Amino acid sequence: MAIITSCAAPAFALSSASCFEGVGLHKFRFWTATAVVIANMIGTGVFTSLGYQLQDIRSPFVLMMLWIVGGITALCGAMSYAELGAALPRSGGEYNFLGKIYHPAAGFVSGWMSALIGFAAPTALAAITFGTYFVSVLPEAGSGPWVVKALAATLVLVMTVVHASTHRNSGNTQVVFTALKIVLICLFCAAALIMVPMPQPISVLPAKGDADLMFGGAFAVSLIYVSYAYTGWNAATYLSGEVENPQRILPWVLFTGTALVMVLYVLLNYMFLRVAPMDALVGKLEIGFIAAQYAFGEIGARMVGLILALLLVSTVSAMTLAGPRVLQVLGEDFRIFAPLGKTNKDGIPVAAIWFQSILTLVFIITSSFESILVFSGMLLALNSFAAVLGLFVMRWKQPDLARPYRVFAYPVTPLVFLFLIGFTLVYVGISRPMEALFSLAIVVSGLAFYAMTKVMDRRRAAKL
């Protein structure tokens, strides 16, 4: 088996396909890629968002519509990314798309955002939620924020070691934990709805005043939490260069994973509202544990809470698997990041994995949950907005480009995504100006760093 140490080259001079061509490396298959999508999506958001949404919205119909609208948005985004991923089959996600559609600077800023925030922050959130659930159900393990942080950090380190080994270990771990997650969520919902002694008298039909709620600021802000929960539908595009026949299977991976998660999310949130009183859920983080208390009692809730904590293992695993591929292609394209582009004999970007995990540990130790959630949610939504907008740009600039897959119902599908994400970003920018300014600062710092790398490259070339 050939050993690849680096594919470093000037910006966008090499595709990852050329880096892997003819070397006989293992590739991720359909179900592994689909498992990455599902596991990236089902994690922190769906088990924590409802408590924040209930602070401003108490209508079951509007709450259900949040998850349906979020699911439709994610499906439209996934189908748009399927065309982009099939036409531009290289690992890196938005970094690859924006760099080739707009300008290498746009790709660099996207990669910069993903490197600093896009995966490290959500991985930290999932790990913190794991620690929170674990402490809630096993208080004898200790209590307090530092116990939660220690558990979160331990989980991140274990997943880092696993995914820095081989494709076989990495892929098998992901598929097993994701399959377990789906089965346990279905069992949890069914058992809770059947066994709850006093179901809540909720109606999911529209009521007076619901229309005003759906077109107000509270709905838009809540939608950013929902959008965050759906984040991950694009995860397979970060692995395009390591997926078998990506141009054929990538659209099916994105659609299958996103559609299945949408169904599970609607079912989970209906169950939460049906099982537990809204007043008991408002502002709470451990929504699943509280619902389990009302459905199964204290002992049963402990068992379910422990299961929910274990489900988050697959989320941390998936983000540790997908995120470093952005850092890897940055390392392939920019000499200053060359160490991050190096891989082991199985094609695993070990340095990039460890770099992302170190950033994740910094978030775990230094940041609060809600600040990470809103800020990272805005940046991820902005990144996706630019990528889907690029679908129109690419069709205009490169009409003859081979497109093995064309998005269904173009241009309606990408326009729906752009409208809903744009609506959310505008309202959140107005209501959360500090987070919006911080997001802008990340973008500006990325542009400044890109300019600095180009100056360094010119100076180096002048000396040769």
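The values are calculated or read from the model by the stated rules, or taken from the named source; none is laboratory data. As the structure is a prediction and not an experimental result, all values here were calculated from the model. All Cβ positions, glycine included, derive from the backbone under ideal geometry; neighbour counts span all protein chains shown.
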Expected output for segment 204-232 (first residue touching a residue at least 24 places away in the same chain (Cβ under 8 Å) and over 20 Å from residue 37 (Cα atoms), partner of a type in the set (Asp, Glu) and surrounded by fewer than 20 Cβ atoms within 10 Å (Cβ to Cβ), Cβ below 9 Å, 6+ apart or cross-chain) is 213/56; 217/56; 218/56; 219/56; 221/56; 222/56
Of those in segment 164-222 that are β-branched (Val, Ile, Thr) and at pLDDT below 80, the residue farthest from the chain's Cα centre (by Cα) is 166
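Pick from 302, 248: which is modelled with pLDDT under 75 and in a helix (DSSP H, G or I)? Spell out how you get there, then give the answer.
On the way: 302 fails: modelled with pLDDT under 75.
Among 302, 248, only 248 is modelled with pLDDT under 75 and in a helix (DSSP H, G or I).
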Inspect all residues belonging to segment 303-318 and state whether any of them is more than 29 Å from residue 65 (Cβ to Cβ), without any contact (Cβ under 8 Å) to a residue 40 or more places away in the chain, of a type in the set (A, V, I, L, M, F, W, C) and buried (at least 24 other Cβ atoms within 10 Å of the Cβ). no
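Tell me the residue from 77, 111 that is under 16 Å from residue 230 (Cα atoms), buried (at least 24 other Cβ atoms within 10 Å of the Cβ) and under 15 Å from the mean Cα position of the chain (by Cα), please. Steps first, answer last, please.
Details: 111 fails: under 16 Å from residue 230 (Cα atoms).
Criteria check complete, one pass: 77.
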Quiz item: Residue check: is residue 281 surrounded by fewer than 24 Cβ atoms within 10 Å (Cβ to Cβ), touching a residue at least 60 places away in the same chain (Cβ under 8 Å) and either closer than 28 Å to residue 265 by Cβ or over 23 Å from the mean Cα position of the chain (by Cα) (or both)?
Solution: yes
Here the residues within segment 265-278 that are surrounded by fewer than 21 Cβ atoms within 10 Å (Cβ to Cβ) and either touching an Asp or Glu at 6+ places or on another chain (Cβ under 6 Å) or more than 18 Å from residue 297 (Cα to Cα) (or both) are 266, 267, 270
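Could you tell me how many of the residues in segment 319-330 are of a type in the set (S, T, N, Q) and either farther than 30 Å from residue 460 by Cα or surrounded by fewer than 24 Cβ atoms within 10 Å (Cβ to Cβ) (or both)? If you could, list the steps in order and put the result at the bottom.
In the first step, residues of segment 319-330 are kept if they are of a type in the set (S, T, N, Q); the result is 320, 328.
Still in the running and either farther than 30 Å from residue 460 by Cα or surrounded by fewer than 24 Cβ atoms within 10 Å (Cβ to Cβ) (or both): 320.
Residues in segment 319-330 being of a type in the set (S, T, N, Q) and either farther than 30 Å from residue 460 by Cα or surrounded by fewer than 24 Cβ atoms within 10 Å (Cβ to Cβ) (or both): 1 in total.
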Condition set modelled with pLDDT of 75 or more and polar (S, T, N, Q), scope segment 338-388, selection surrounded by the fewest Cβ atoms within 10 Å (Cβ to Cβ): answer is 366
The residue from 39, 124, 120 that alone is touching a Lys or Arg at 6+ places or on another chain (Cβ under 7 Å), surrounded by 24 or more Cβ atoms within 10 Å (Cβ to Cβ) and under 30 Å from residue 153 (Cα atoms) is 39
Counting only residues that are farther than 20 Å from residue 456 by Cβ and over 24 Å from the mean Cα position of the chain (by Cα), segment 331-348 contains a total of 3
